[in-house]
Amino acid sequence: MEGTLNETGRRAPIEMAPDEFRALGHRLVDTIADFMGTMPSGKVATGESPAQVRAALDSSKGLPQQGSEPGGLLDEASRFLFDHSLFIGHPRFMGFITSSPAPIGALADLLASSVNPNLGGWPLSPAATEIEAQTVRWIAELLGYPTDCGGLLVSGGNMANFVGFLAARRAKAPWDVRSAGAISPEGKRLCVYTSAETHTWVQKAADLFGLGTDAIRWIATDSRQRMEVGALRKAIETDRAKGEVPFLVVGTAGSVSTGAVDPLPALSAVCKEYGLWFHVDGAYGGFAAALPEELGCPPDLKGLSLADSVAIDPHKWLYAPLEAGCALVRDREVLRDTFSFHPPYYYMQEHAEEPEINYHEYGPQNSRGFRALKVWLALQQVGREGYVRMMADDIALAQRMSEFVREEADLEAFTSDLSIATFRYVPPDLDHGTDETEAYLNKLNAALVERIGTSGELFISNAVIDGKFLLRACIVNFRTSLADVRALPEIVLRLGRETDRDLRGAGL
């Protein structure tokens, strides 16, 4: 192999001259702009199987021994992604709670990765650190949360909730949990309280952070899938009587299935009464706290401001490209105490008059990418009023969708909360109310979700309420219009009849 080191410079194969970068960058931006212009009129997804996508990729191919020209690689990658992806930015993507990505966020990610600051420590990222700190304050302000809180950007809802969970464990365990672990020297166990509608992150947290999933107390919900405060109080008192250690209550601000919001002010009052940490999972619905009630903010959502910690996802209702989650903790010193260690190789010079932020002390990561830039720029491009209008539009569209569903005799509407609507297809000739019919409807609607997804006309997901398998449409998409919402019932009915015909024809 020919050497690449000499007195005039280094010839690294991954380097790119400015003129070449400029030319390739312009060409790629043109390609992306064309894609953004045509994508809304195409299919949401290709409906391909894993085998088909792997064949198109030639996934069995080994690692190349020699390099290739970057322009051709970018062209090939663009074609592959545009031809074989599900498009979350499509106006008829109404599936999981992942938003249509803001174009300024895509440009911000290019800028952020070009500078490539490491936000683990201020010396490695002075400008980026201050932008992240300002972004955290702006997010808190938008939510009505104290702006002097601690906080940082993380990958998403799971990590943001983990940060709150760990802060609670550190603050409320009556022993040194850092050295002794999650079980006290006397054998006492920590207990966490949450509703059956809480996202599965809480099981991961209990498992990963030493409590075990048996430490979770699943509190019953009411007919609107909201935690029952009386049942919470009873569970806490039962555990205390047994010598267990209640430490954390998790409230949900916008459940994944239906958009339900727990009675947050009442949960906060219970936590204050018993001395527990109050965490709110607002990954989806938390940003709706910025709205007035008349534009769709549930009254209980304002109770988010009472929480000790909050998880929130800008890559949901702030329309940031993935990844962008955010954890907020009311007492920033508790957050720092949870994560800060000082080995000798982490020497960071302190400036007493103007202390810098070293984010490795405030979260689980050391090396950290510049996630905040895309959120910071979008907040300035849109402003509070712009975000309020877009979120209110999403909620209004979901409500209209539910109205359109109710107008169809063969569609049964269930819930409409925040920007999520649930419903199912019910063939008119079935004998309603029997166990056999309910079992068939579950099978039918499960098959229908899959058929809708592979059709490319629409992308939705599912919810299960009281044992009923439902279709679920969620709008966190600034491209979705009234025309897209109006088209949904016809698509569901047409594909529902086809699915019913196929299932009954097969004797299922």
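The values are calculated or read from the model by the stated rules, or taken from the named source; none is laboratory data. Bear in mind the structure is a predicted one, so any value in this text is a computation, not a measurement. Don't worry about glycine lacking a Cβ; one is built from the backbone with ideal geometry, like all the others, and counts go over all protein chains shown. Keep in mind that these areas ignore ligands, DNA and RNA; they rest on the heavy atoms of the full protein, side chains included. Shrake-Rupley method; radii C 1.70, N 1.55, O 1.52, S 1.80 Å.
Observations, loosely collected:
- Here region 70-221 is described by how far its Cα atoms reach on the three principal axes: 64, 40, 34 Å, from widest to narrowest.
- Proximal lysine pairs, the chain, alpha carbons under 15 Å, eight or more residues apart or interchain: 6
- Each Lys or Arg adds one and each Asp or Glu subtracts one; over the other residues with Cβ under 11 Å from the Cβ of Ser184, this totals -1.
- Accessible surface of region 64-209 [probe 1.4 Å, protein heavy atoms]: carbon and sulfur percent: 56
- Shape class of region 1-136 from the Cα gyration tensor (axes a ≥ b ≥ c, square roots of the eigenvalues): oblate, since a/c reaches 1.5 or more and a/b does not exceed b/c.
- Applying a DSSP loop filter and a limit of 16 other Cβ atoms within 10 Å to the trypsin sites (Lys or Arg not before Pro) in region 220-260 leaves Arg224, Lys242.
- Summarising the amide proton neighbourhood of Cys191: residues at separation of 5 or more, or on other chains, whose placed amide H is nearer than 5 Å comprise Val245, Phe247, Leu248.
- Thr38 exposes around 90 Å² of accessible area when a 1.4 Å probe is run over every protein chain in place.
- Of Val310, Cys297, Phe404, farthest towards positive along the dipole that unit charges on Lys, Arg, Asp, Glu beta carbons give region 279-414: Val310
- Prolate/oblate/rounded call for region 371-449, Cα gyration tensor, a/c under 1.5 rounded: prolate
- Sparsely packed loop sites in region 115-192 (the GluC sites (Glu not before Pro) outside DSSP H, G, I, E and B with at most 14 other Cβ atoms within 10 Å) comprise Glu186.
- Cα gyration tensor shape of region 299-436, rounded if a/c is under 1.5, else prolate or oblate by comparing a/b with b/c: prolate
- Neighbourhood charge, 11 Å Cβ-Cβ cut-off, centred on Trp376 and excluding it, Lys, Arg +1 and Asp, Glu -1: +1
- Formal net charge of residues neighbouring Val115 (Cβ-Cβ distance under 15 Å; K, R +1; D, E -1): 0
- When Rg and Dmax of the Cα atoms in Å is computed from the coordinates, the matching label among (1) 25.2, 85; (2) 28.8, 99; (3) 24.2, 78 is (1).
- Per residue accessible area in Å² of the chain, where ligands, DNA and RNA are left out and the probe is 1.4 Å: 48
- Region 152-261: C-alpha pair distances exceeding 23 Å, %: 28
- Sorting 97-104, 15-22, 208-215, 178-185 by their mean Cβ neighbour count within 10 Å, with the most densely packed peptide first, gives 97-104, 208-215, 178-185, 15-22.
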